[in-house]
Amino acid sequence: MPYRKLRDTNILRLAEQRFDVLVLGGGINGAVSAAALAGRGAKVALIDRGDFASVTSQQSSNLAWGGIKYLETLELGLVRKLCLARNRLIRSFPSIVQEIRFYVSHERGFRHGRWKLLLGAWLYWAIGSFFTRKPRLLSVRDIAVEEPIVNTAALDGGFEYSDAYLHDNDARFVWSFIRSALDRGCAAANYVEAVGSSRSESGWVTRARDVISGREVSIHSKLLINACGPYADEVNARDRVSTVHRHVFSKGIHILVDRLTPNHRVLTFFADDGRLFFVIPMGAKTCIGTTDTRVERPEVEVTPEDRRFVLDNINKRLRLQRPLGDRDIIAERCGVRPLVVTGAGAGARDWMQLSRKHAIEVEGDRITIFGGKLTDCLNVGEEICAIVRKLGVALPYADKVWCGEPPPAVREEYFHQARLMGLDAMTSPHSSEMLSTRLWRRYGAEALGLLEAIRRDPRMAEVIIETSEYIRCELDEAAQREMVVKLEDFLRRRSKIALVVRREEIRSAPGLREACRILFGDDADAKIREYFGDQPAARTA
């Protein structure tokens, strides 16, 4: 089957080759580590026991922000670092990571006055090197006119400042680093579990098992990077490795509903527990959250109490024709933030003050990455390269830029060809943006190959799953180059269909079976049953 070829080839390479570095974990930290090292000439392997970005990295708020909330705890160094990281992401990925305005409502009697918070926003702007648009003060009248959906009854005004967001979903951004690593020689495979790692005379031997086939392989590497996110402590304990740092977990949820406001900005409130609370645009939908609940394990789910917290907070702060309820929820996100601590960790009174900073700990020839957030990912890649060089791995292209969109000349050529062939005229009337823009943002230089596929056969520009925007040639691309093993991998992580379309609508979409035939060939029906259970997808007439 075509969808198996790339993964099977890489698993064969894992067994047959010796690597400079093996990365355990395909979330954002593991993905950038592999992309940075492979881009600079190291021989890299990466495995994940699930799909890439299938734990914390698929549950974020889709925001790349500099950590304005850490001003309250006077972590100015961390704020500076995160702001510069955000700025670099915007410069490096201008089609993917874009500036967006945060529209903050301030309730009378809040623990910090409106003017104090505005001064904080100006300080935040300065700490970020004045990279974004400047903040501005909002009166109650400004809010009522510009965002009439906001309930101003309890407000004394607000302010507006800038940060950034991911135009596509977070998991897709992680996948872009995996794809970059693959393009530069990395052997990466999803659904391959590390059973155990032990030191040998020449480095590390990691026993791994293909979760799909059950086959076991031994992977040999000079260095080992534990980038398993919330499971990093568990992996270290299994291998009898002691570390100074460890994780504690905070559960956060978001709910997805139909778009609440036509304005493209993040409505920002302070929830009943004092945390920042967001209403985030996501195409034709709106993402609302988040919660902050201390938990003991990474395995979490949305509870009725979580759902009620989000709904109660948003209904209190928005002026809606009718309150949002369970029936309005299209999809939900639920995951844990792995927060790094040392020693005894955080006490209950410090819980809400813990930051999303990362820490990298080196124990001989083994590296563990703790904590972190998507905003800081490029710094993680750079730091890992520096550590790996110190540990004796040569990086022949140590100064090479390993991240970012293709050069402007490639972009200009793509859009030139797209205009000449009239690509945007082929855009579905139900699409949220022009086809040329979306294909470039999602595929970069590979979008030129998609143009060629459409030139050969104009049907390649047809939308397959009617409730989504994805066209036939994108499904071919996913089948050939995106290591889609399960239907969930495509619906939830390579795309955001499962986030913006109700599950029952996907199941009944006439084009689903055809899409699955493109992705999985003869295995299509089995993959549909695996995802939806025994209920079959609708057949095309």
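None of the figures in this text is laboratory data; all of them are computed from the coordinates on show. Keep in mind the model is a prediction, meaning the values are calculated, not measured. Methodologically, a virtual Cβ is constructed for each residue, glycine included, from the backbone with ideal geometry; neighbour enumeration extends over all protein chains shown.
Find, among the GluC sites (Glu not before Pro) in region 187-288, those assigned to loop by DSSP (not H, G, I, E, B) with at most 16 other beta-carbon atoms within 10 angstrom. Sparse-neighbourhood loop GluC sites (Glu not before Pro): Glu201.
Placing pseudo-labels 7 Å out from each Cα toward the beta carbon at Val244 and Glu466 gives an inter-label distance of 6.1 nm. Our estimate of slack between Ser139 and Ala526, defined as 0.36 nm per intervening residue step minus the Cα-Cα distance, is 133.6 nm.
Cβ-Cβ distance of Leu420 and Thr9, R₀ of 45 Å, FRET efficiency by 1/(1 + (r/R0)^6): the value works out to about 0.80. Each part reduced to its alpha carbon centroid, region 170-230 and region 132-162 end up 48 Å apart.
Quickly rank 163-171, 453-461, 510-518 as a protection proxy: mean count of other C-beta atoms within 10 Å, highest first. Mind dumping the intermediate values first?
Numbers: 163-171: 23.0, 453-461: 15.4, 510-518: 20.6.
Answer by packing, highest mean first, reads 163-171, 510-518, 453-461.
Neighbours of Ser250 by Cβ distance under 10 Å: Lys/Arg scored +1, Asp/Glu scored -1, total +3. Straight-distance candidates among the aspartates and glutamates for linking to Lys316, with alpha-carbon spacing under 13 Å and chain neighbours fewer than 8 residues away dropped: Glu107, Asp272.
Any idea what the dipole of region 408-532 comes to, in debye rounded to 20, about its Cα centre with Lys/Arg Cβ at +1 and Asp/Glu Cβ at -1?
Magnitude of the dipole: close to 260 debye.
Pulled fully out, how much extra length does the chain show between Ala445 and Val295, if you take 0.36 nm times their separation in residues and subtract their Cα-Cα distance? Spell out each step's value before the answer.
Numbers: separation 150, 0.36 × 150 = 54.00 nm, distance 4.21 nm.
My answer for the length gained is 49.8 nm.
Between Glu505 and Val410, the contour length at 0.36 nm per residue exceeds the Cα-Cα span by 30.4 nm. Using alpha carbons only, the radius of gyration of the chain set against its Kirkwood radius gives Rg/Rh = 0.96.
Quote the FRET efficiency, to the nearest 0.05, computed for Ala394 versus Glu201 with a Förster distance R0 of 22 Å and r equal to the Cβ-Cβ distance. Efficiency computed from Cβ-Cβ geometry: 0.65. Take the Cα of Ser92, step 7 Å toward its Cβ, do the same at Thr303, and the gap between the two points is 3.8 nm. With distances taken between every two different alpha-carbon atoms, region 408-532 has a Kirkwood hydrodynamic radius of 15.0 Å. Centre-to-centre separation between the Cα atoms of region 462-512 and those of region 245-262: 23 Å. Using R₀ = 56 Å, calculate the FRET efficiency as 1/(1 + (r/R₀)^6) where r is the Cβ-Cβ separation of Glu452 and Ala359; round to 0.05. Computed FRET efficiency for Glu452 and Ala359: 0.75. Taking the DSSP beta bridges with both ends in the chain, the antiparallel portion is around 75 percent.
How big is D for region 59-196, in µm² s⁻¹ as a whole number, if Stokes-Einstein is applied with the Kirkwood radius of its Cα pairs at 20 °C and 1.002 mPa s? The calculation lands on 124 µm²/s. Ignoring lysines fewer than eight residues from Lys373 along the same chain, the ones with Cα atoms less than 16 angstrom from its Cα are Lys69, Lys81, Lys251, Lys357.
Ranked for footprinting exposure by Cβ neighbours inside 10 Å, fewest first, His245, His264, His254 give His264, His245, His254.
For the pair region 361-428 / region 6-51, the C-alpha centres are spaced 14 Å from each other.
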